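Nothing in this text is a laboratory measurement; each read-out follows from the coordinates by a stated rule. It should be emphasised that the depicted structure is a prediction, and the values quoted were computed from it without experimental measurement. A quick note on method: Cβ atoms are made from the backbone with ideal geometry, for glycine too, and the neighbour counts reach across all protein chains shown.
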Amino acid sequence: MRIEGLVLTISFSYLALLFIIAAWGDRRAEQRRSLVNSPTIYALSIAVYCTAWTFYGSVGRAATTGLSYLLIYLGPTLAMLCGWMLIRKMIRIARAQRITSIADFISARYGKSGALGALVAAIAIVAIMPYIALQLKAITVSYGILTEYPRQTPPALSLTGFWNDKAFWVALVLAVFIILFGTRHLDASERHEGMVTAIAFESLVKLFAFVAVGVFATFVLYQGPADLFATAAQLLPEAAHHFGLEQIPGGALGWFGTLILAMLAFITLPRQFQVLVVENVNEEHLKRACWLFPFYLLLINLFVIPIALAGMLGGSTTGEPDNYVLTLPLSAGLNGLPMLVFIGGLSAATSMMIVETIALSTMVSNQLVMPLLLRWRALQLDQRRDLSGWLLGIRRVAIVFILILGYLYHALIGEAYSLVTIGLVSFAAAAQFAPALLLGLYWRGASRTGAACGMIAGILVWAWTLLIPGFALSGWLDTGFIEQGPFGIETLRPYALFGLEGWDIYTHALFWTMLVNIGLLVGISLFARPGHLEQTQAALFTNALKPEAEQAPIWQGQASRRELFGLLVRYLGQSSTTRLLGTERPDDETPATPQMIAAAEQGLTGALGSATARILINSVVRGEALDMSSILSILDTTSQTLEYNRRLEQKSTELARIGEELRSANERLRELDRLKDEFVAMVSHELRTPLTSIRAFAEILRDSDDLDREQQTHFLAIIVRESERLSRLIEEILDLARLESGRMTLHPEHCDLQELLSRALEAVTHLFQERGISHELKLTASPCPVIADPDRLQQVLINLLDNASKFADENEGQVLATVAPYKRGFRVTVEDNGSGIVEQEREKVFEKFHQIEQARSLEEKGGSHQRPRGTGLGLPISRGIVNQLGGRLWIDRSERLGGACLVLELPRAPEETTDVD
Amino acid sequence: MRKRAESRLLALTILALLLFSPPLLLLFDRPLGLGFSALPVAIYLIWALVILISALILEGRHED
């Protein structure tokens, strides 16, 4: 009894230490010097995954089924490797929507469905209760071994002697602990900092205890691993073959199935959701946790095989494989180490029970009890003024209820089940949340009906393939149906459903449950028509990591401030309501702002879960309380895409336009190139014609001496005329070149347009007479002062008159030249009575090459017996000069004579200098 | 933490899944000495290596 007293003193002192640590953590949090704001504490708190099942069961599993124990830790390692993407997304969603449990998470994803939340909560309780019982059993068994060694018969469990069972008292202490540190705040989304600190501490204790046993077994009992393995190979030759793949139940397939099962369960176990998501302080902490937690798992598994081997070598002194961790140091006659191991096991068990109970009690109160109570009219809860006390009360009762249920389970059926079986059966049940959770995170189309049907079917198949046969094997039922199938139907044998034989029971169950679960979820979702809220929630969940998923609360619907305030006070109490809404109790009926309604819903969600909060908010908000924020965020994404499309379209039209421009420019360049070639040919031709005649007449003059004087003079005159023509041509070409390159220099001065026109007419008079063309000049009364280079302008006027004479009617040619003021300048028009120029051709006339072509074509038509009508460079040169003088030159139809009308417009010279010249 | 690190983590997860799954795992299941299989040693080594690589990716240059 002395040792019993010592063990009790030490273990309850340890529990007392947990209270102190938790209280310290909470104190620090209140002082704003949070302890848990550290990635290392976060990673250690995740190690709540390692329960008593890890602590005692790993070695047991290693000794019986070889390496399969590793799968339980490799799965979470894989999950944490992609945790930065997956778990960060969950954390962000949970923070934005104030989600407090996995039931709430799934319910919120599928349109804040209360029924779905209740379903998840119910499944979680059924699945996890045995797991809690397992922890209590580990405490009872380890206590029994520690105090009674070397007697190793497990203590008889029965309800009648529960006050002798230390596990009962531990459960009681834990209930007090959880109520103290787990329900301090009404808002379950607020972190339980003290509790997390205590959990992290417990993680260190269990790691230290386990490594201590490992070091003891390897280096104290034996001289290092080499000695241990050599001894094992010598004494237990069959143990050497124990750690291959063929030892795994189900072989390679069983290995893979259990790996996936552990990976899914790690994410979906309620306590893991609690520490990973709800208790996370800062999502950056994930960065360290994603590798530190797997490292923790590696460390705690490092000595499993050595301990297992040493235990197997111990024979009868070490007894059951599940107890090796404790019996190994006991068999060596130590006192301190077994105590440490017991404390390590106790810490593994208590940490799991603490977190799991908090997670489950939140689910029970928010998803099951509160929605029921609110609907239960007889209670008339909706008329009570203050319900915040109720909420905390319900949660505390739930905690006690869960622990008592766990204890009952442990006391009544604990003896029948082995540790390992319970753990993996729980995993398989928790894994039923995985399709709804993971598909819901990445597939927008996953629907509420699909998720519900998938989970219900999955859990039914789970019950048939794992739970019920487990009960049967525990001796509760007749085991006949396992071998022969129910009512002799062989295809329904629980361990070989539809004849699928040769698999281990967990992989078999995982395959069938996932098949129906995922199959129904996907299949029904493809045909479901989700409601508005469900669609917006789906969009918010799937887009959670995208930056545009920020929520701006915009509510459609109205509520008065007084009503909203009243609602919050009833559920959250006066002080937190004032903090949430930022005002003292308002008595006016002014409408609440959208932000206030959104804050109110978030506050209620934290305390009651999203589904209940939605119902309560809808009870005071009139009109459609649709989550406009989410709709807007979806619209935002869509409109961004549309905007992108629009811009792309704009760009492509622009590109098409530029391409079109380039093509037309190219065509024009080709045309110009062709015209240039023609121009060069024409110019050469033009130059050659006078040159040929000059040369011909010069040769005649040189070779024939008998020419008479008159003939000589005639020939010389021709030579002179052709030379003049040649030089005029060259002059024109030069002018054109100067104009085009912008090197033509003009000498502008004041001059009178009328005078220039009369002089130009005089210059061409004899030409007109020669061609038999009558001409007329119309002048104005006043002078027409312009600023121009007189020589060049005269050249232009002469050119216009010359052109007119060329294109006038051949028989009775008429040319009319007028000058008149027009607006702010003067207009000179030169009209003829020729055939005129069609409108499309008018601008082309000013293209230097075009004119030549036209001239030639006219020539080819034989329309003129004369020499070519000029070089065709006159008009382009004229327009160039006029443009440089600031005027315009174009062609119109002659009103009076019916032919072409060339119009020249020049601005009037400035006033003060009009008298000059 | 940019997209590059995320894709590396994803690739590492898939690699680890492949290495921890039967077809590749069977390659390590051969006698090491004293009649023991090399499998446990191989798994622990791969495990440690995967953790090391993920720590390098997560804590490396992206520390902020």
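Per residue of peptide A:250-263, the mean number of Cβ atoms on other chains within 10 Å of the residue Cβ is 2. Given their separation in residues at 0.36 nm each and the Cα-Cα distance between them, A:Ser774 and A:Asn883 gain 36.2 nm when the chain is fully extended.
Under 5 Å from the amide H of A:Gly825 lie the amide H atoms of A:Arg908, each residue being 5 or more positions distant or on a separate chain, with H modelled from the backbone and absent for Pro and chain starts.
How high is the relative contact order of the stretch A:432-546, given as a whole-number percent (alpha carbon pairs under 8 Å, six or more residues apart)?
On the way: 138 pairs, mean separation 49.3, N = 115.
It rounds to 43 percent for the stretch A:432-546.
In degrees between 0 and 90, to the nearest 10, how far off the longest principal axis of chain A does helix A:505-527 point, with axes built from Cα atoms? With rounding to tens, the tilt is 40 degrees.
Each Lys and Arg adds +1 at its Cβ and each Asp and Glu adds -1 at its Cβ; summed about the Cα centre, the protein assembly as shown shows a dipole of about 4800 debye.
Compared with the alpha-carbon gap, the fully stretched path from A:Ile20 to A:Glu589 is longer by 200.0 nm at 0.36 nm per residue. I need the calculated FRET efficiency for the pair A:Val397 and A:Phe208, taking r as the beta carbon distance and R₀ as 30 Å, to the nearest 0.05. According to the calculation, E is roughly 0.25.
Residue separation of A:Tyr495 and A:Asn335 scaled by 0.36 nm, minus their Cα-Cα distance, works out to 53.1 nm of gained length.
With an 8 Å cut-off on Cα pairs and a minimum separation of 6 or more residues, tell me the relative contact order of chain A in percent.
Working: 1365 pairs, mean separation 125.0, N = 917.
Result for chain A is 14 percent.
If you average the C-alpha positions of the stretch A:7-44 and of the stretch A:468-546 separately, how far apart do those two centres end up, in angstrom? Each part reduced to its Cα centre gives a spacing of 40 Å. Orientation-averaged projection of chain B equals 4.7 nm² [convex hull of Cα atoms, one quarter of hull surface area].
Note on A:Arg562 and A:Leu180: the model spin-label points, each 7 Å out from Cα along the C-beta direction, lie 4.5 nm apart.
Compactness of the protein assembly as shown is given as radius of gyration and Dmax, 50.4, 167 Å, from Cα positions. Taking the centroid of alpha carbons for each part, the stretch A:225-284 and the stretch A:640-714 are 89 Å apart. Taken along its principal axes, the alpha carbon cloud of the stretch A:271-409 reaches lengths of 69, 41, 21 Å, longest axis first. Once the Cβ-Cβ distance of A:Val720 and A:Leu669 is raised to the sixth power relative to R0 = 41 Å, the FRET efficiency obtained is 0.50. Across peptide B:13-25, the mean count of Cβ atoms from other chains lying within 10 Å of each residue's own Cβ comes to 5. Computed over Cα pairs, the Kirkwood radius of the stretch A:432-546 leads via Stokes-Einstein (0.692 mPa s, 37 °C) to a diffusion coefficient of 211 µm² per second.
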